[in-house]
1. Highest mean first, how do 70-76, 36-42 rank when packing is the count of other Cβ atoms within 10 Å averaged over residues?
2. Using only Cα atoms, find the angle between the long axis of helix 72-81 and the longest principal axis of the chain, and express it within 0 to 90 degrees, rounded to the nearest 10.
3. With a Förster radius of 30 Å, plug the Cβ-Cβ distance of SER14 and GLU42 into 1/(1 + (r/R0)^6) and report the FRET value to the nearest 0.05.
4. Helix 16-27 against the longest principal axis of the chain: what's the angle in degrees, Cα atoms only, rounded to the nearest 10?
5. SER81 versus SER56, label points 7 Å from Cα toward the beta carbon: distance in nm?
6. Of (1) -0.53, -1.21; (2) -0.36, -1.37; (3) -0.30, -1.59, which is the value of log10 I(q)/I(0) by the Debye sum over Cα atoms at q = 0.11, 0.25 Å⁻¹ derived from the coordinates here?
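Nothing in this text is a laboratory measurement; each read-out follows from the coordinates by a stated rule. Just so it is clear, the model here is predicted, and its values are computed rather than measured. Ideal geometry is used to build each Cβ from the backbone, glycine not excepted, and the neighbour counts take in all protein chains shown.
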Amino acid sequence: MLEQFPIHATVAASDLARARGWYEEKLGLKPKIEADEGLWFEFAPGTWLLLYQTPSAGTAQNTVAGWTVTGIEALMEDLRSRASCSRSTTSVR
């Protein structure tokens, strides 16, 4: 089911303001969207990077990708029925 939805990469940062400065100064990237969950950078059409703050940054206990889906309830029901999902985070942009 997930193969039909776009996926976006995520990058964890322990200090979002510092990471934002690095992305802007070193890479020349400015966020297209500033949201509660973090900063969204747009690349080619439909390609996004979410830079978000978490104390898990650098521990490999953080999110690395996310899908932009419709019908989340049915999708989560399907995933849970197969016990392939122990935790879910949903964000709306």
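1. Per-residue mean Cβ counts within 10 Å order the peptides as 36-42, 70-76.
2. The answer is roughly 60 degrees.
3. 0.80
4. It works out to around 70 degrees.
5. 2.7
6. Comparing each candidate, only (2) matches the computed number.
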